[in-house]
Structure formats: structure tokens, C-alpha cells
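Comments concern the structure below.
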Amino acid sequence: MDNANNYDIIVIGSGPGGQQAAVEGTKSGKRVALIERARNVGGECVFHGTIPSKTLREAALNLTNLRSVSNIFQYELRSDVEIHSLMGRLDEVLALQKTSIEEEMRRNDVNLIHGKASLVDQNQVRVQHIDGSSSILSAKNIVIATGSRPRRPPEIPVDHEHILDSDSILSLIYLPQSLTVLGGGVISSEYASIFALLGVKVTMIDRAPRPLMFMDPELVNSYLEHFKQNGGEHYGSAEITSVTWDGVSQVVTKLASGDVISSDKLLVALGRLANVEGLGLETVGIEQTKRGHIVVDDQYQTNIPNIYAVGDVVGRPSLAASAMEQGRRAVCHALGMGDTGVDFSYLPIGIYAIPEMASVGLSEEEAREKFGDIYVGKANFADIARAQISGATTGLLKLVVAPDGQQLLGVHIVSQGAADLIHAGELALLNGNKVSIFQENVLNFPTMSQAYRVAALDVFHQVMNRTAEPVLT
Amino acid sequence: MSNTGLLIDDSPTSDNSETLDVFCAALANLIDRKELALPVLPEVPSKVLTMTTNPDMNIAELSNLIHQDQALASHVLRVSNSASYGGTRQIASLTQAITRLGGRLVGDIAFGISLQSDVFQIKGFEKMVRQLWRHAFAAGLFGKEIARLRRRNIEGQYLCGLLHTIGKPVILQACIGLQEELGRTLDKDTATILMNNFHNSVGSILTFSWGLPDLVSKTCLYYTNYEEAPTFKDETIATYLASQLALLIGDSLEKEQEVLRSDPAFHLLNLYPEDVQLLFDKLDSISEIIAAMAI
């Protein structure tokens, strides 16, 4: 084989996990090829999902700001507004993303290859190029980071015109008057809240009693309250019996309860499928779960020792941030650099719904189960000066603290900027800090971070009260 | 291959280059001075467009609206009875047709057909206009297929395909009007060159004046030069490809198909050879729909 096609590491897929794996490889002095089937490095989901949806979210937040000053400006969204016009900066953001990712890969000497990859054996990968030609590459190690795509349940006829998935919803021309959202996960919760804020009548339907079951219930209640204030409706514990396009103008969703919901459009967000088709996993005997995810150990190694898998293709938590760390860890292990020692038990979760939610460490329920009589300190953003100034008074911050009143176990936030705010809590957890760190040190004023101080003081008062209580014998 | 949008209808040469220059100058002048007569969006397609995007639309209302135009009604029925739509049982009423095809598709068909019959009746150029519309319809249908393949919303791509050459009949009509003033007769070759030269900007101006989405006017303007599109680049490339695929409808040669298969625009949309094949597989069914429309 031509030496040019011999690598130390081949990474398949250029999403966050793949990029990080490739860069870690070249930084360690290895020759790395990064194969991407899509046109842009970064992966389809970044360019057609993550970035456009966050851009639309910004538009919705700007509307909120405008509405908050409606006593100064007479403001109303035009009924015929085009979705594209709401995402005015999208092209610019996409171009910047593309350039910065490509530049990072170039700077790190990652060899980018555009094509579809499939495993020939455990060291060789066939690349089918877009012009139909193909080539064979070889490497000592291979990292699979091919991501995921929206799941299309066979009983729901997604046509990308009336019944949409999370890829096609953002290419709608106009805002629909009404939208049904199937599912209660991250994607459905984000889109439901964005469209509701834009004035669309949104109905969310899910089998679970509440959306985002893995998040703190108090945070989710705050989310649902906000969603309902914006005209949204939520059907929990609902079983869908059929979804049909009426052939004229409405998508009709029938529930086992007898409820019938009609809407202009319907978004199906009932999970995602691992992108494993055509990879040739069976050729080399790579194990998969029943759901199609690749089985890996805690170093992201598959059952074939020199082949690793990271990101959505291995299943939960399916977050960009964790995929990056997985990519780095996989390559470190492959290169014999051992366990990287990163503690995944403090993995932060950020959900870009409106309002934003974030979480790290143990939930209140988990902590109670594990430690018994814990403390929960709370700060309502309605009481935080910066939130009052910004008109962002919806939400709260919770500190979960061990029964000794000192050890911090978890942090949960629902508020504007929660995904950023959570990092102070994450670092405190990683450093094993006591909760008093937030009350005994100076935090800028006025800031949203003051909520940490208020919640820590709440814990302090609870500890004082509990200690002062007479012990009943 | 350059992206001129002229895979098959290569620009004819005109012996009468002086006439061409005169018409070119006159047209450019009309456009620059914003004096080009733009047709208003006629009542029926305007209502169809409004109605099919209205969630409160009902079948009876749409049926009544289409009934107002007998030619339109017969076209819709003919399409709904075509094999492409699985019509084993002949249907005779518009209400049945709407139920079979869906309000949106009937709306799409009615919109295009009524535009053709109401806006552009150009004496002496009937065959040419008919060809333009056949091509536009086919481009609309291919646009849908490209969007479906790419998991993008198909509504907008249909409109882009249907209207990407809407500037051509407007130019033809304007040139007919200019004949007397210029003291020259317009021949078909000259007309074709003029349409090819000016239709992008005129189509963009017209669709903008009709209040159609920005997407449509931008793709009209840039589809023959998609590299320059400042926004909607993917949709513009898709419109170009839909237009090229539509040119294959009818009696295209294998050689022409092969040339198109290697068009770099497919690569820009990240369509691999197997994806491209799926689009070529649609040639027969789209040909059938176009034939059923008999426009």
C-alpha cells in the first residue's frame, strides 16, 4: 500500500468527538486522517441542527427582550414572517464555524478526507469519494465518531413537508400557526419552547409524565410553567395511536385517551439512531447494542482492541461536550497514555430550552437515596439583582448538600445563562469544595452568580435551624 | 461544465445580431428604469396560494375555487387520474381529486397551471411558452425530490423550481411589446437569447413584487450562477440541479444524462453517485406527471 495512505490513527466522522480525537492524535505526534462523509467538517448535525436551532433560539430570546420593553416600542411579530429572516446571522455563523474548524484541523496537521468510510478489516478503511472513486487507508488505530440522525418511527409518515424531523423543521419557509411536537427529550423540549416563544401554538405530546425525565423535577416544572405561559400545551403519559396528514391542511394526531390534536405541522423528535449503516461493523465483528449503538468500555474501546467509538454512536449521554472528552480519552488510551483520570460523574448537562437548564452532580432524589437527610439550598432568580435588572427573574438555582451541611453533591439551575452558570458549581464539585466556598468568598455584584451565594446562605440557615432544634427522644 | 443552466437548450446563434443588440439595449433600459411591465399575480393562483397555506382551508372551498376555471379543473382531474398517483379508480370530481392528491399538491398544480393560462398567453410563441412551463413544472417536482433526499423541507424547493424561469415569459411579452416601437420583428432565436440573458433578474424582481418568500427571488436571481448566491446557497444549487434534471424530461439522450451525472453541483450538495441515481430514477414518473398535465 502507498505510504501516503498509512496512518497511525484514522478517525471516522468529524463531529465534536471526532475532531477532538484527531487533534489529540496529531498533538501526540501521530499521523491522523479524519474522514467526513458530509461536505463540511463538523458534521451534518452541527451545520443543519445545532447551529441553526441555536440561531433561531437567539431570535426568540431577542423577541422576549423586545416584548419586555413593549411599553416603549409597539412591537408585534408579523404573521407572514419568514423563518430565515429570524435567523439573519445564520450564514455568517455557519461560515465562521466552517472556517474555524477547518483552520484548527489544518493547524494541527490533520489530514481531512471527504468521503464515506467502511471497515475492510480491523486496520483498513475503504473511502468512497463523492465522485464515485474509492481508496483504501490503513492505520494502527481507528476511532468511530459517526454521530446519529433522527429516528423515524415506521408508524409516523415523515414527509418533510407536513410531518417533519429535527433536520427538516428548520428549512420551513414560514412559521406555522400551530405545531405538535412528539417526544419529551432535549430536542423536543428545546424546539417546543422556541416555537412557543415565537407565537406558534405548540402542543407537546410524550409517553413520559413530564419532559426531560432525567432532569430535576423542580427545574422541569419551571420550564413547563414558562412554556404554558407562552401558550404551550403539554400532554404527558400519552399514547399516540395515529399520526396522519388530512390531505388538506392539518396533521391529525390521535391519542389513546380519545384526544385529537390538529396542527399545521408536526415535529417528530422520538430519539436518534446511531449512524452505523455502511460502516462494515459486521465485517470486523464489532459488537452493537440492541438499539444499534456500538458497545464500548470506559476507555471507549470496542471489542476489537484497536477500534474505538465515541459520541452519539455509543449512546448516552449524547452531548457534544462529553463526545469531545470521549474522543480525547479514546486516543490517549490507544496511544498507551493510560487512564486520563477525568471524572465523568461530574459531567455537566446543558439544555438550551427557554428557559435554559443545567445540571451537574447528584440530583436531590439521588442524594436523598444515597445519603438520607440532605440539605437543599435554593435561590430564586426573582430575588437576584442582576436578574431583576435583565428582566430574567424566571428560574432558580439549587445546591444539593450532604447531611453534614458541608459537602456539595449537586447543582441544578434553570435560568437565563444556566449552561454557563453551572460551571462554577462543576468546578466546586471537582475540587471537592465545601458549600461555604460560595458564602465565604467574594462574587461580583450584581451578577447571576450571586444566586450561588444566596443558595449557600439558605443551606447555612437550614443547618443552623436544624442544629438549634431540640432533639426529641 | 459551467453552471449556465443551458445543458440542452444551448443558446442559439442569431444572424440578426443587430436586432439582438437593439432589443438588449431596450430591455436593459426598461429594467434599469423600473419600467418593465410586471404582471400582477392573478386572482386564482393568488387565492390558491393563500388558501393552501391557510390552516382553515376546507376541501369544498378549494374545489369551488378551482371550479371557477374549467381548464384548470380539467388539468387537476387529469393529473389525479394519472398512473403516477395510483389512480386505479377513475375519479370525476374535484373533491375526490383533492382527497386523493391532498390539498397542497392540488394547490401546487392549480397555482402553476393558472399562472400559465392567466399570465402568459403570447401569440405566436405558444409552443415556446408551453415548453417553458413544462420545464418549470418538472423543475418544481425535481426540486421536491432533491429536498426529500436531503431531508429538507420540500415546500420551498418546489416553488423555487416552479418559478425559477418565471422571468422568461415576462421578457418575451415585453419584447413583443417593443417590436412596434423598435420597428423590428422578434424571431425565436433572438427571443431565446434575450430570455436567457435577462430572466434571472426579471424573475427575481417579479417574485419579489408578488410578495413570494425571499428564498424564491434569491434562487431566481442566482441559480445559473450559484457560487455567487449570498444566501440560500444550497437551495440555489438545488434549483439549478432541478432545472438541469427537468431538461432531461422527454427525449433526452443517454449522453446528456451522463454529462449531468458528473455535474459538480451534485458534489456541492454532498450527493453521492447512489443519491444521484435516485434522482435519475424519478425521470419516468415525473415525465408521466408532466404528460398528464398536457401543458
Checklist line | Accessible-area order (highest first, 1.4 angstrom probe) of the listed residues B:LYS188, A:LYS30 | finding: B:LYS188, A:LYS30
Checklist line | lysines with Cα under 18 Å of B:LYS34, excluding same-chain neighbours fewer than 8 positions away | finding: B:LYS168
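Can you tell me the FRET efficiency between A:ASN6 and A:ASP298 if r is taken as the Cβ-Cβ distance and R0 is 25 Å, rounded to the nearest 0.05?
Working: r = 30 Å, r/R0 = 1.19.
So the FRET efficiency works out to roughly 0.25.
May I ask you to derive the relative contact order of segment B:199-281, considering only C-alpha pairs under 8 Å and at least 6 residues apart, and to give it as an integer percent?
Working: 64 pairs, mean separation 15.7, N = 83.
The normalised contact order for segment B:199-281 reaches 19 percent.
Quick one: of the DSSP bridges fully inside segment A:157-276, what percent are antiparallel, nearest 5? Could the numbers behind the result be given before it?
Details: 9 of 24 bridges.
So the antiparallel bridges in segment A:157-276 amount to around 40 percent.
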Item checked: Relative contact order (percent, whole number), chain A, Cα cutoff 8 Å, 6+ residue spacing -> 14 percent
Checklist line | Orientation-averaged projected area, Cα convex hull of the protein assembly as shown (nm²) | finding: 40.7 nm²
Next item on the list: Quantify how strongly other chains surround peptide B:267-275 by giving the mean number of their Cβ atoms within 10 Å of each of its Cβ atoms.
Entry: 4
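Which whole-number percentage describes the relative contact order of segment A:375-419, with Cα contacts under 8 Å and a sequence gap of 6 or more?
Values: 76 pairs, mean separation 15.9, N = 45.
Rounded, it is 35 percent for segment A:375-419.
Rounded to the nearest 0.05, what FRET efficiency do A:ARG39 and A:VAL120 have when you use their Cβ-Cβ distance and R0 = 35 Å? Before the final figure, lay out the partial values.
Numbers: r = 24 Å, r/R0 = 0.70.
Calculated transfer efficiency: 0.90.
What does the structure give for A:162-171 when I average, per residue, the other chain Cβ atoms found within 10 Å of the residue Cβ?
On the way: counts 5, 0, 3, 1, 1, 4, 7, 1, 2, 12.
If you average over the peptide's residues, the count of other-chain Cβ atoms is 4.
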Notebook entry, point to check: What order do you get for B:224-237, A:361-374 when each peptide is scored by the mean count of other beta carbon atoms within 10 Å, highest first?
Noted result: B:224-237, A:361-374
Check: With respect to the cross-link table entries A:LYS54/A:LYS398; A:LYS378/A:LYS434; A:LYS54/A:LYS228; A:LYS98/B:LYS233; A:LYS30/A:LYS140; A:LYS54/A:LYS254, which display a Cα-Cα separation exceeding 19 Å?
Finding: A:LYS54/A:LYS398; A:LYS54/A:LYS228; A:LYS54/A:LYS254
Item checked: B:ARG261 versus B:ASP32: modelled label distance in nm, points set 7 Å from Cα along the beta carbon direction -> 4.7 nm
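What is the ratio of the Cα radius of gyration of segment B:221-287 to 2.2 N^0.38 Å, where N is its residue count, to two decimals?
Details: Rg = 12.1 Å, N = 67, 2.2 N^0.38 = 10.9 Å.
Cα-based Rg divided by the globular estimate yields 1.11.
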Margin query: Could you report the buried accessible area between B and A, both sides summed, computed with a 1.4 Å probe and given in Å² to the nearest 100?
Written below: 2900 Å²
Note to self: If you count only protein heavy atoms and use a 1.4 Å probe, how large is the accessible surface of A:MET337, to the nearest 10 Å²?
What the structure shows: 100 Å²
Next item on the list: With a 10 Å radius around each residue's Cβ, average the other Cβ atoms per peptide and rank A:448-460, A:102-114, highest first.
Entry: A:448-460, A:102-114
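Among the DSSP beta bridges whose two residues both lie in the protein assembly as shown, what percent are antiparallel, rounded to the nearest 5?
On the way: 45 of 77 bridges.
Of the beta bridges lying entirely in the protein assembly as shown, close to 60 percent run antiparallel.
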Next item on the list: May I ask you to list the chymotrypsin sites (Phe, Trp or Tyr not before Pro) in segment A:218-290 that are in a DSSP loop and have at most 10 other Cβ atoms within 10 Å of their Cβ?
Entry: none
Margin query: Could you report the accessible area of B:CYS175 in Å², rounded to 10, computed with a 1.4 Å probe on the protein chains as they sit in the structure?
Written below: 0 Å²
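Between B:LYS188 and B:GLU228, what length in nm is gained on full extension when 0.36 nm per residue of separation is reduced by their alpha carbon distance?
Details: separation 40, 0.36 × 40 = 14.40 nm, distance 2.99 nm.
Extra length from B:LYS188 to B:GLU228 when fully extended: 11.4 nm.
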Item checked: Neighbour-limited loop hits for GluC sites (Glu not before Pro), segment A:209-248 (at most 15 other Cβ within 10 Å; DSSP other than H, G, I, E, B) -> A:GLU239
Next item on the list: Within 10 Å of each Cβ in peptide A:127-139, how many partner chain Cβ atoms are there on average? Round it to a whole number, please.
Entry: 2
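Kindly rank B:267-277, A:17-27, A:196-206, A:149-159 from highest to lowest mean number of other beta carbons found within 10 Å of each residue.
Working: B:267-277: 17.0, A:17-27: 26.9, A:196-206: 22.5, A:149-159: 15.3.
Descending packing order for the listed peptides: A:17-27, A:196-206, B:267-277, A:149-159.
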Item checked: Theoretical FRET efficiency, 1/(1+(r/R0)^6), r = Cβ-Cβ of A:ALA95 and B:GLU181, R0 41 Å, to 0.05 -> 0.30
Notebook entry, point to check: Evaluated at 25 °C with a viscosity of 0.890 mPa s, what Stokes-Einstein diffusion coefficient in µm²/s does segment A:143-186 have when Rh comes from the Kirkwood expression over alpha-carbon pairs?
Noted result: 197 µm²/s
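The values are calculated or read from the model by the stated rules, or taken from the named source; none is laboratory data. Owing to the predicted nature of the structure, the values given are computational and were not obtained by experimental measurement. Note that we place each Cβ from the backbone using ideal geometry, even for glycine, and neighbour counts take in every protein chain shown. Note: areas computed on protein heavy atoms with side chains; ligands, DNA, RNA excluded. Shrake-Rupley method; radii C 1.70, N 1.55, O 1.52, S 1.80 Å.
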